[in-house]
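The values are calculated or read from the model by the stated rules, or taken from the named source; none is laboratory data. Source: prediction; values computed, not measured. Note that we place each Cβ from the backbone using ideal geometry, even for glycine, and neighbour counts take in every protein chain shown. Only protein heavy atoms, including side chains, enter the accessible area calculation; ligands, DNA and RNA are left aside. Shrake-Rupley method; radii C 1.70, N 1.55, O 1.52, S 1.80 Å.
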Amino acid sequence: MNIDHWREFATVYRWKRFSKTYAEYYESSLQSGNYVDLLGIDEIGSKEVRYSAFLAWLLDCKGDHGQGNIFLMELINYLIELYPTHSLENIRDDFMNAQYTVVTECWMTKKRRVDLLIESSKARLAIEVKVKSKESINQTKDYQARLKELSLIDKKEWKLLFLTVNGDYSDYALPI
């Protein structure tokens, strides 16, 4: 077996171990009343616009959740771990030390709106969310082109993320 096969084996093994542990935790939490499915309320998790609004609230450092930028930092740290070669450290450092805005349904082109745009004075993070729908033709390609164009003007670092619940991916965005 070559190293890639061992990595795949280790990943599958870790996933199975995690799944078993999580299933046991979930069952005990559910029975004890300690589990609350926030995304299940009014089917928030199945409606893309509501889901994006919920994510925007969590990721906003000025959100009334009172947690500051902790959720955004956890997301970016997760991405750094998942994509170590994608130079996310500068973006993390900027969002950690600066005020930023979170906008939902942000116009990127005349016909396209990205679900979330998180922006500071030095960085831009765009997130396209897909819950029950598929990516439309060239959607993330268009977003990527616009982010590159903006970066040439204002020199901001940027990343485009593709958040999906069904395992879809995009050639133009980092899947999460």
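Over the range 91-176, with every protein chain in place, what whole percent of the accessible area is carbon and sulfur at 1.4 Å, could you tell me?
About 52 percent, which is the carbon plus sulfur part of the accessible surface.
Going out from 0 in 5 Å bins, what whole percent of all Cα-Cα distances in the range 64-121 drops into each bin?
P(r) for the range 64-121, in whole percents per bin: 4, 16, 22, 22, 20, 12, 4, 0.
Taking 7 Å along the Cα-to-C-beta vector as the label spot, tell me the Asp171-Ala98 distance in nanometres, rounded to one decimal.
3.2 nm
Taking H as built 1.01 Å from N, whose amide H comes closer than 5 Å to the amide H of Ile176, not counting residues under 5 places away?
Phe162, Leu163, Thr164
Measure up Lys47/Lys141; Lys62/Lys148; Lys111/Lys148; Lys47/Lys122; Lys62/Lys132; Lys110/Lys148 against 25 Å on the Cα-Cα distance and list the ones that go over.
Lys62/Lys148; Lys47/Lys122; Lys62/Lys132, as the Cα separations exceed 25 Å there.
Given the peptides 147-155, 92-100, arrange them by the average over their residues of other C-beta atoms within 10 Å, most packed first.
92-100, 147-155
Relative to 2.2 N^0.38 Å, what does the C-alpha radius of gyration of the range 79-176 come to as a ratio? Two decimals please.
Against the empirical 2.2 N^0.38 Å value, I get 1.04 for the range 79-176.
If you plug each phi of the range 126-140 into the Karplus form 6.51 cos²θ - 1.76 cosθ + 1.60 with θ = phi - 60°, what whole-Hz ³J(HN,Hα) values come out, in order, with x for Gly and Pro?
Residue by residue, the range 126-140 yields 9, 10, 9, 10, 10, 9, 10, 9, 9, 5, 7, 4, 6, 4, 6 Hz.
State to the nearest 20 debye the size of the charge dipole of the range 68-115 about its Cα centre, where the only charges are +1 on K and R beta carbons and -1 on D and E beta carbons.
440 debye
Among residues other than Leu150 whose Cβ falls under 14 Å from its Cβ, what is the net charge (Lys/Arg +1, Asp/Glu -1)?
+3
So how strong a dipole does the range 71-158 carry about its Cα centre when Lys and Arg Cβ are +1 and Asp and Glu Cβ are -1, to the nearest 20 debye?
540 debye
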